[in-house]
Amino acid sequence: MTDYKKFLEELLTATAQNGASDLHCSPGNYPVLRIDDRLITLSNQPILDNSTLEGLASEILGDRKQRFVSEKELDFAFQSNTGQRFRVHTYQTMGGYAVTMRLVPGEIRTPEELQLPPIVKIFSKLSQGLVLVVGPNGHGKSTTLASLINEINKERAEKIITIEDPIEYIFSPNKSIIDQREVYRDTLSFNKALRSTFRENADVIMIGELRDYETMSTAVRAAETGHLVLSSIHTNSASQTIERIIDSFPPNQQMQIRSQLANTLSGIVSQRLIPRIQGGLIPAVEVMIATSAVRNLVRENKPRQIDLVIETGQEVGMISMDRSLADLVRRKEITLERAEFYSSNPQIIRNHGI
């Protein structure tokens, strides 16, 4: 009989030792690691069959198995015997089990260590407003949010509430009080937990993800009432983020949310993790700061014009994605081909002097 616990620990140790971000276990495949955005097969391990995957999944799920059987997919956090922490997604495929595990670094790195533009740190110094970190899945949004929250923790005495599904980074209180709440374990939903923060005397609220308009509405209201709210959305740019939020609301509420968003939005950080020439990943980052021009465009329902404001807003610290990509090419961090792949307009990159 296979020792699934031992096999799991072998796979998780290989994930950490190889510097992988993710471990993929799917039926009919070898275990696969994602390293620097490339999939690497662990061909020294057996091909995974349904029986082995069910054993592995059961080992990871523990007492969550019944809920998984009922819901068919499940997100949660898992800690290995050696102390590594993983964000886990279990799901079914063709009637069998599959698992994706993302390694969560033990240390929360500073914005400087993450190679984020220095201007990003200004968002950790705010006392109220709405700050969003956006980008595709797997491009470091949670890591950037954790970094900003930890900057506040190190510098100010605040009451911080996080609402996550699942909890990824574990914060150690420094100057701040930090209460971390996990959806389904500590609360029934993002929105219910968010509404509760009004009674919990929070100064700073971190929401893992804005998934629906009810949560978006409550988040904006929290920012309106004097809280600093930080969250993430799976969008590709600042302008698209604003469109996504507004379009999530019923038509008869869109004028109101535009007005609220115009008053509360402080900034949007959009990022991509791009393979470096020398190995590893480096962020390309768009930074939008909510100036009066940005607020007016939100209020007037002209979010697409925000792209031009960002492109011409260098004097206040704004950075366009294309400018960020061009800078990485100039510094020989990434190839021109990579920059053009991630650019919305490759000609702009060439115009920046590449």
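Tally Lys/Arg at +1 and Asp/Glu at -1 over every other residue whose Cβ is under 9 Å from the Cβ of Glu182; what's the total? Taking every Cβ under 9 Å from that of Glu182, the sum is -1.
Of the DSSP beta bridges with both residues in the chain, give the percent that are antiparallel, rounding to the nearest 5. Rounded to the nearest five, the antiparallel share is 60 percent. Restricting the range 269-331 to GluC sites (Glu not before Pro) that sit in a DSSP loop and have at most 12 other Cβ atoms within 10 Å of their own Cβ leaves Glu300.
If a spin label sat at a point 7 angstrom from the Cα of Glu54 along the line to its beta carbon, the backbone N atoms of the range 91-119 nearer than 11 Å would be those of 96-97.
Helix 141-155 and the long axis of the chain differ in direction by around 70°, with both axes built from C-alpha atoms. Counting neighbouring Cβ atoms within 10 Å and putting the fewest first, the residues Leu39, Leu194, Leu48 line up as Leu39, Leu48, Leu194. When only the Cβ of Lys, Arg, Asp and Glu is charged (+1, +1, -1, -1), the dipole of the chain relative to its Cα centre reaches about 560 debye.
Summary value for the chain: 13 percent relative contact order, contacts being C-alpha pairs under 8 angstrom separated by 6+ residues.
Between Asn18 and Asp75, how many nm apart are label points set 7 Å from Cα along the C-beta direction? Going from the Asn18 label point to the Asp75 one covers 2.5 nm.
No value in this document is a laboratory result; all are computed from the given coordinates. Since the structure is predicted, the reported quantities are computational estimates derived from the model, not experimental observations. Using ideal geometry, Cβ is built from the backbone for each residue, glycine included, and neighbour counts are taken over all protein chains shown.
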